[in-house]
Amino acid sequence: MMDGTDRSEIGPEIRPEIRPEIRTESKLESQPEIRSTCPYCGVGCGVFLRADGQGGISVRGDPAHPANSGRLCSKGSALAETVGLGDRLLAPRVNGREASWDDALQLVADRFRTSIAEHGPDSVAIYASGQMLTEDYYLANKLMKGFIGSANIDTNSRLCMASTVAGHRRAFGTDTVPGTYEDLGAADLVVLVGSNLAWCHPVLYQQVLAAKKARGTRIVVIDPRRTASCDAADMHLALAPGSDVALFNRLLAELSAGKMVDQTYLAHTKGFTDALDAARADDVSVTGLSEAEIAQFCDLWMQTEKVVTVFSQGVNQSTSGSDKVNAILNCHLASGRIGRPGMGPLSVTGQPNAMGGREVGGLANMLACHLDLENPDHRAAVRECWNAPTIAEAPGLKAVDMFRAAGDGRIKALWIIHTNPAVSMPEADAVRDAIAACPFTVVSDITMATDTARLADVVLPATAWGEKNGTVTNSDRTISRQRAVLPAPGATRPDWAILAEVGQRMGWPRAFDYQSPSEIFREHAALSGIAARLGRDFDISGLATLDDAGYEQMAPVRWPVNATRRGGRFFAEGQFFHADGKARFVPVRYRSPAAKTEPRYPYRLNTGRVRDQWHTMTRTGLSPRLSAHLAEPFLEVHPEDARRLTLAPSDLVQVQSPTGQAILRARITDAVQPGQVFASMHWTGETAPSARIDALVAAATDPVSGQPESKASVVSVRPYRAAWYGFAVSTARMDPSCSYWARARTGAGYRAEMAGDHRPDDWETEARRLFGLPEAAAVSFQDAGRGLARIALMQDDVLAAALFVAREPVAVMRDYVATLPGTSAPDVLSGRPSADMPDPGPILCSCFGVGVNTILRAIEAQGLVTVDAVGAALQAGTNCGSCQPEIAALLSAAQVREAAE
Ligand SMILES: Nc1nc2c(c(=O)[nH]1)N[C@H]1C(S)=C(S)[C@@H](COP(=O)(O)OP(=O)(O)OC[C@H]3O[C@@H](n4cnc5c(=O)[nH]c(N)nc54)[C@H](O)[C@@H]3O)O[C@H]1N2
Ligand SMILES: Nc1nc2c(c(=O)[nH]1)N[C@H]1C(S)=C(S)[C@@H](COP(=O)(O)OP(=O)(O)OC[C@H]3O[C@@H](n4cnc5c(=O)[nH]c(N)nc54)[C@H](O)[C@@H]3O)O[C@H]1N2
Ligand code: SF4
Ligand SMILES: [Mo]
């Protein structure tokens, strides 16, 4: 196992007789291959998993899965590197000590019951996650809304999909994605709005690229930032942050002016005139785009019937997120381009079961199966189906308000499941304080090594992906099974089983008496049939009679699934879910982001994701190859701003907002516009404590959806000049304690960037302390005058750890040095390979470990001009393809250089 621990440590029955690296093929072949689904993004790729019999697995794409046809991105391909038990939580913990399940569960049930008895049902809350399986999610919702009798259950989908949910419901009368993934392949124009599809939904991006190749599909990216998704784009509209409504309002006005409004389709809708009036009254100049760009975009959209508008967090995570969604939907409704092959709005979901969570009604303002919390008939139907003592009647607290209530004493018992809000919520420092202040906090997680779990009174060890069973629904309504391929380690239990136990112990033994996820799934499917009879669209009643064997074998299926219908698209012929069956145009007007730049905070902070990390890194951070792509938190700064700030490449910057501060590595790039900076959301107290970017993000929310504006805070930026800078590598985990550090996994152990304000007297002593190696033999070089130190600590003639220190950011070949721990490393202090060994540079292709320098050298030496040619020469980009946009960028940079020479 990559983390040095394997499942053999948890039970003698699977103790390996041979080490993993010398396992034989026949051993591999003897285990059955099991179909499952990737646990990361909402594409929902099918995988084949095979246990290696020693605690590890192998992973490949499932060629028969409709979402990916066998493809996987870098994250899916590296799943085998993330199932180790090194960081796993294997037993319940109460007040920092290991406890029995009996004690832990009884405590949770008692504290929740007491709080409800003394302060009412609204004094407790659950904060759940779009990564829970449908069965887990269903039970959490049932427990809270039907039995506790409060709607205080909200989820990280509030940070993610809430604006889309609100926009869909306003327009369609239901939260439904009209189209399917096939539309991407059938479209002639794909517009990516606030979506970095190349990095965040890489397998869908590959489908768009394939369409481009096959039929010349045009791609437009609408994003203030130039992203990897712009690489193949025919047009990139770098609009001003938050100005999407104005742009799509202009498009609506142009559709009308150009007589492109589908009058027949308008019969299925209401409110067009008002929406058009609002659109015409808006001022497109707020986008900062030129009239020529805008006209070109509108012409292209109008002239291309088969247009799919893909949208994601650049749309949702905004104080006008719901309006942005409706501005887009208005254009598709007006042109009748919806629900037909190759056309329609396509909201891509982030998490693997964001969609399933919406189906079970996991948000504080929803009921199960697309039923409405506000509707008494709907409430009665759900209550009856659940045979519940009560049913929540009013919406509960949405995420931001929920943590405020936890902080100010209104919430007295809080259960956080499968999410890490101390990192991922806006105003994260306040959220951290609120979790700490809440009288009783329970966290269900797979590891203790999270900022949130460390704050909890009770931590419950959940069974992880690869060890558990259930279903997830992806962005195009396809329900797929996740299946266990590994045994549940230690005392871990699946999330559904933990919820069911607590429900039983709280006093509802019958209602929460489940033996398996299939039982829960059947109940959910049956409830959807009731919802369908009440006129709702989410209907999987056709699956309500699946027996256990049928559930076990269930193939991916797109809903609806009932007696008369299976899958397909919605709304080609109208048939919306408002009472009159008509869609609604929503009149929307541009509103600027809530936070305004001002002299103290002159920069706009945009945040998002990187290619190879998943959120707070508790799983992808375990993979050396995923950690090689970007090993450190960074701030993208435009060169003009860098000049003004006197920033040099690889300087550190201090970023400050009204709510928090961070230290990050500057990446000077014209991918961002002047006055705007971009940071990723991934680093945490565990990996880089000074880089918790959500500490800086204001908790301003969309008035309709309650979704926070994660992409438009205001900050100041200044150079952070440390007294010393360090780079460290080691076989074992090190825990630095300086003002800036960032730690990442490597194949050989760990690497860390460091910087500090105080120079220790002796670096060798400091290195021994840092690495916990008081006895190791040291080879060192120190020059106090120049502030230089290089120390190698050897054990049994191999390098255990090395530290490089300088007054400036350390210049060593990091990707090379990171490979040295565990080897004899004779020339480690030089920090570079001997002359006959070329430096591969930072890893770009994580599947085959191909570095930037290797690619650049091959481009130059072999005159390569295409991504395919680079693949043929080096394999780079030929497995998952996630790095192809970056290879293309290297190729075009090389061509520009050549042209200039
Ligand atoms: N590698 C990786 N993939 C992931 C995830 C991950 O953690 N890592 N997480 C998954 C999850 S949960 C989600 S929700 C998705 C998110 O997927 P995306 O939404 O594609 O990802 P983000 O990087 O959050 O943001 C997308 C883009 O929005 C842009 N943006 C910012 N402000 C605006 C604006 O005002 N208008 C417009 N038009 N664009 C703007 C940003 O510059 C950014 O490039 O990714 C999923 N996939
Ligand atoms: N600044 C900024 N902030 C953002 C965003 C942004 O773009 N910018 N994006 C937002 C979005 S879209 C999202 S979706 C959120 C994501 O943010 P989070 O949901 O907080 O991030 P994750 O790291 O996915 O957290 C999942 C947690 O579940 C644990 N876990 C893993 N498997 C299991 C399991 O099987 N059972 C249980 N019980 N636990 C498990 C993991 O160890 C981890 O602690 O972040 C939001 N925050
Ligand atoms: S695109 Fe990548 S992360 Fe998303 S489901 Fe597929 S393999 Fe997993
Ligand atoms: Mo998300």
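The values are calculated or read from the model by the stated rules, or taken from the named source; none is laboratory data. This one's a predicted model, so the numbers in the text were calculated from it and none came from an experiment. Virtual Cβ from ideal backbone geometry, glycine too; neighbours counted across all protein chains shown. The protein model used for the area step is the full one, side chains on, heavy atoms only, and it has no ligands, DNA or RNA in it. Shrake-Rupley method; radii C 1.70, N 1.55, O 1.52, S 1.80 Å.
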(request) Distance between Cα centroids, segment 508-562 to segment 209-234: provide it in whole Å. (result) 39
(message) Please report the spacing between the Cα centers of segment 119-164 and segment 307-323 in Å, no decimals.
(response) 23
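Kindly report the accessible area of the chain per residue (heavy atoms of protein chains, probe 1.4 Å, no ligands, DNA or RNA), in Å².
Values: 31220 Å² over 901 residues.
Here the per-residue accessible area is 35 Å².
Leaving ligands, DNA and RNA out of it, report the carbon-plus-sulfur percent of the accessible area of the chain at a 1.4 Å probe. Can you show the working numbers first?
On the way: 15580 of 31220 Å².
Carbon-and-sulfur percentage of accessible area, whole number: 50.
With a ≥ b ≥ c the root eigenvalues of the C-alpha gyration tensor of segment 66-194, is it rounded (a/c under 1.5), prolate (a/b larger than b/c) or oblate?
Numbers: a/c = 3.36, a/b = 1.45, b/c = 2.32.
Since a/c reaches 1.5 but b/c is at least a/b, the shape of segment 66-194 is classed as oblate.
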(request) Provide the per-residue ³J(HN,Hα) series for segment 457-463, in order, calculated from phi with Karplus coefficients 6.51, -1.76, 1.60 and θ = phi - 60°, each as a whole number of Hz, with x at glycine and proline positions. (result) 7, 10, 10, 10, x, 8, 6
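Can you give the FRET efficiency for Leu645 and Asp408, using 1/(1 + (r/R0)^6), R0 = 45 Å, r = Cβ-Cβ distance, to the nearest 0.05? Please report the intermediate quantities before stating the final value.
Values: r = 38 Å, r/R0 = 0.85.
Here the calculated transfer efficiency is 0.75.
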(request) Using +1 at the Cβ of each Lys and Arg and -1 at the Cβ of each Asp and Glu in segment 223-364, identify which of Val245, Gly342, Ser285 lies farthest towards the dipole's positive end. (result) Gly342
(request) Would you mind putting 154-167, 587-600 in packing order, based on average other-beta-carbon counts within 10 Å, highest first? (result) 154-167, 587-600
(message) Skipping prolines and chain starts, which residues have an amide H placed within reach, meaning under 5 Å, of the one on Lys270, given they are 5 or more residues away or on another chain?
(response) Ala583, Arg584, Phe585
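Is segment 171-306 best put as rounded, prolate or oblate by its Cα gyration tensor, with a ≥ b ≥ c the root eigenvalues, rounded for a/c under 1.5, and otherwise prolate when a/b is larger than b/c, oblate when not? Before the final figure, lay out the partial values.
Working: a/c = 1.73, a/b = 1.27, b/c = 1.36.
Oblate.
For the chain, what does the relative contact order come out to in percent, with C-alpha contacts under 8 Å and a separation of six or more?
Values: 2168 pairs, mean separation 127.1, N = 901.
Averaging sequence separation for qualifying contacts and normalising by length gives 14 percent for the chain.
Label segment 279-362 by shape, choosing from rounded, prolate and oblate, from the square roots a ≥ b ≥ c of the eigenvalues of the Cα gyration tensor; if a/c is under 1.5 it is rounded, and otherwise prolate applies when a/b is larger than b/c, oblate when it is not. It would help to have the intermediate numbers written out before the result.
Numbers: a/c = 2.30, a/b = 1.46, b/c = 1.57.
Oblate is the answer for segment 279-362, as a/c is 1.5 or above yet b/c matches or exceeds a/b.
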(request) Could I have the simple spin-label model distance between Arg60 and Gln575, label points 7 Å from Cα toward Cβ, reported in nm to one decimal? (result) 4.0
(request) Give, rounded to the nearest 20 debye, the magnitude of the charge dipole that the chain has about its Cα centre when Lys and Arg contribute +1 at Cβ and Asp and Glu contribute -1 at Cβ. (result) 1100
(message) Using alpha carbons only, how many angstrom separate the centre of segment 718-795 from the centre of segment 48-73?
(response) 39
(request) Would you mind checking the pairs Lys259/Lys306; Lys212/Lys306; Lys324/Lys596; Lys145/Lys398; Lys398/Lys596; Lys142/Lys398 and listing those with alpha carbons more than 21 angstrom apart? (result) Lys398/Lys596
(request) Along Cα→Cβ, 7 Å out, is where each label goes; now give me the distance between the ones at Arg718 and Glu393 in nm to one decimal. (result) 5.6
(request) Taking H placed 1.01 Å from N in the peptide plane, check which residues at least 5 places from Arg667 or on another chain put their amide H under 5 Å from its amide H. (result) Leu635, Glu636, Val637
(message) Quick check on the chain: helices-only [θ] at 222 nm, where DSSP H runs of length 4 and up contribute -39,500 (n - 2.57) each and the sum goes over total residues. Nearest 500, please.
(response) -8500 deg cm²/dmol
(message) Please list, in order along segment 877-893, the HN-Hα scalar couplings obtained from phi with the Karplus expression 6.51 cos²θ - 1.76 cosθ + 1.60 (θ = phi - 60°), rounded to whole Hz, x for Gly and Pro.
(response) x, 9, 8, 8, x, 4, 8, 4, x, 6, 5, 4, 5, 5, 4, 6, 4
(message) Need one number: nm distance between label points at Glu519 and Ala778, each 7 Å from Cα along Cα→Cβ, rounded to one decimal.
(response) 6.2
(request) Kindly sort Ser713, Ser541 by accessible area of their heavy atoms, largest first, with the probe set to 1.4 Å. (result) Ser541, Ser713
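Based only on Cα atoms, what Rg/Rh ratio does the chain have, Rh being taken as Kirkwood's radius? Each step should come with its number before you reach the end.
Numbers: Rg = 27.0 Å, Rh = 28.3 Å.
For the chain, the value is 0.95.
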(message) Could you report the accessible area of His236 in Å², rounded to 10, computed with a 1.4 Å probe on the protein chains as they sit in the structure?
(response) 50
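What do you reckon, how do Thr37, Thr669 stack up by accessible area (1.4 Å probe), largest on top? Present the calculation step by step, with values, prior to reporting the outcome.
Working: Thr37 0, Thr669 30 Å².
Correct descending sequence by accessible area is Thr669, Thr37.
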